[in-house]
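Undergrad: Below you'll find the structure I mean.
Quick note: the coordinates plus some simple rules give every number you see, no bench work behind them. Nothing here was measured: the structure is a model prediction, and the numbers come from that model. Cβ sites come from the backbone with ideal geometry, for glycine too, and all protein chains shown count toward neighbours.
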Amino acid sequence: MSKITHYASELQRFCRSRFGARLLLVLSCVLCVSLFSPCIEKVDITADGDTQTCITLRTNPQEIMSRQGLVLDTKDSYRVITEDANTTSIEIVRAFDVTVWEAGAAHTVQLSEGTVADAIALAGIAAPDEDDAVSCSLTEPVFAGMEIRIERIRYEQISQRQVIEYKTTKRETADLYKGQTRVSVKGVNGERVVVTRIKYVDGAEAAREVISENVVSEPVNEVVDVGTAAVPTTKPTTAATAAGSASGVLSTKQGTTTVTPGSGKFTDQNGREVAYTKVLTGKGTAYTAKPGALTATGRPVEVGLVAVDPKVIPYGTNLYIVSSDGRHVYGYALAADTGGALKRGEALVDLFYETESQCMAFGRRDVVVYVLA
């Protein structure tokens, strides 16, 4: 028997002995530890507030969690942290609800991590633009129960033409008697263009702001002359009239009109002496018309142009008219118009005023008409 065979036989008898078997087991364990210790890893798994530890040769986190009976839902996630060569931590993050509000509608999504922008995209909502308002930063991390509110904002500019109303000022003048008025400068409205910026929030108007005003035409303020002169007595200072009365000359009647011939002078509303060639007395009335209306002589109507019977007072005659009682002075006038009542002899003169209220104030009264020299 060779030496090798002898040694093998002796080794076999030793391994079969109790001591040999134990020694062989210890040597096997030492060998296994030596071979596999670099691959053995301690893993701490944290889930739902609890932490459990396991020793494993596996490297796939999902397999490690599955072996520990931990199941991840579709929206759950996990984080792996390697602390050193043989220790690893796995943190399971459960999905939570985040609500995104847009235009009054709620969109609830589930996610375990991410930012506000991620939640908005997951909800299928268009990303906010620079004008939109978001309740929190798009880069802010989401958390359980978080509510994100989006207001869709847009702006619109409109251009409008606006009227600038004229103002009315009154100016005293001695050219008119007290109680008389006259428009010396007619008011004209101006115009401006106003540009307004309108803010809409979720389709509803929220605010308006005027961003520019451009005056196209300035208004022309109306100037109204108001009389201050005292009403004259209107008694003619005529020697011819006195002589006629003394000699018993009768006045000539034309309908309701009395014509007193003879020249003389009278004192007007400003205290000046004015010469006349004839005096007529009769009924006076008043009328008005739209601006631009034409008289019988073709002139546009205006205060100072009066209607007469041209057979009694020819067109173009300069007149001075005052009520018989001296309380109402029309003043200087020009015969430029006519009318049916005048031709029928129902009135001596029809005075033009700008408004119906002025006509009603005058009414129908006895007047004295001086035919000026």
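Undergrad: At 7 Å along Cα-to-Cβ for each site, give me the label-to-label distance between Val183 and Ile55 in nm.
TA: 11.1 nm
Undergrad: Ok, one more. If you average the C-alpha positions of region 348-372 and of region 275-306 separately, how far apart do those two centres end up, in angstrom?
TA: Spelled out, the Cα-based centre of one part sits 9 Å from the other.
Undergrad: Something else: Compactness ratio of region 113-202: Cα Rg over 2.2 N^0.38 Å, N = residue count? Kindly include the intermediate steps, with their values, before the conclusion.
TA: On the way: Rg = 29.8 Å, N = 90, 2.2 N^0.38 = 12.2 Å.
Relative to the 2.2 N^0.38 Å estimate, region 113-202 comes out at 2.45.
Undergrad: Still on this model: Using modelled backbone amide H atoms (1.01 Å from N, in-plane), which distant-in-sequence or interchain residues come within less than 5 Å of Met146's amide H?
TA: Close amide H contacts, sequence-distant or interchain: Thr99.
Undergrad: Among the listed pairs Lys283/Lys311; Lys186/Lys311; Lys167/Lys290; Lys278/Lys311; Lys186/Lys278, which are separated by more than 25 Å between their Cα atoms?
TA: Numbers: Lys283/Lys311 16 Å; Lys186/Lys311 34 Å; Lys167/Lys290 21 Å; Lys278/Lys311 15 Å; Lys186/Lys278 35 Å.
Result: Lys186/Lys311; Lys186/Lys278 exceed 25 Å.
Undergrad: Applying the Karplus parametrisation 6.51 cos²θ - 1.76 cosθ + 1.60 with θ = phi - 60° to the phi angles of region 145-157, what ³J(HN,Hα) value in whole Hz is obtained for each residue in order, glycine and proline being reported as x?
TA: x, 5, 10, 10, 10, 10, 10, 7, 10, 9, 10, 9, 10
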